[in-house]
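J.: Okay, handing you the structure first.
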Amino acid sequence: MRGEPFPQLAAVIEANPDLKKLFVPVEELAETRCQLRKEGSGMQRLFKTINEASRKARKAKE
């Protein structure tokens with residue numbers, strides 16, 4: 001992501017500040033992907049937490 005996020009994304013990030021940590025520079029993408037696959041890594045825990053919250057929010061809208 002370059003510059004500021006789109007307004008829709010900015011609103012979501014404002015509501016979920018940890019989400020911004022999942023946006024990484026291209027130079028860090030390969031390492032971040034490795035961290036996502038590494039069981040128990042901080043990045044994997046963060047992804048799982050955000051993913052679960054997203055799943056709950058979608059289910060609540062149904």
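The values are calculated or read from the model by the stated rules, or taken from the named source; none is laboratory data. Since the structure is predicted, the reported quantities are computational estimates derived from the model, not experimental observations. So basically every Cβ, Gly included, is an ideal-geometry build from the backbone, and we count neighbours across all protein chains shown. SASA here: full protein model, heavy atoms, side chains in, ligands and nucleic acids out. Shrake-Rupley method; radii C 1.70, N 1.55, O 1.52, S 1.80 Å.
J.: Would you check if I50 is of a type in the set (V, I, T) and touching a Phe, Trp or Tyr at 6+ places or on another chain (Cβ under 9 Å)?
T.: For I50, the condition - of a type in the set (V, I, T) and touching a Phe, Trp or Tyr at 6+ places or on another chain (Cβ under 9 Å) - is not met.
J.: Keeping to segment 18-60, report how many residues are open to solvent by 50 Å² or more (accessible area, probe 1.4 Å), over 19 Å from P5 (Cβ atoms) and not in a helix (DSSP H, G or I).
T.: 2
J.: Give me the pairs, please: first residue somewhere in segment 23-49 and polar (S, T, N, Q), second residue anywhere and open to solvent by 40 Å² or more (accessible area, probe 1.4 Å) and in a loop (DSSP other than H, G, I, E, B), beta-carbon distance under 8 Å, and either six or more positions apart or on two chains.
T.: Close Cβ pairs (under 8 Å, with a partner that is open to solvent by 40 Å² or more (accessible area, probe 1.4 Å) and in a loop (DSSP other than H, G, I, E, B)) amount to Q44/K38.
J.: Are any residues in segment 6-17 under 14 Å from L46 (Cβ atoms) and surrounded by 10 or more Cβ atoms within 10 Å (Cβ to Cβ), and if so, which ones?
T.: Within segment 6-17, I13, N16 meet the criteria.
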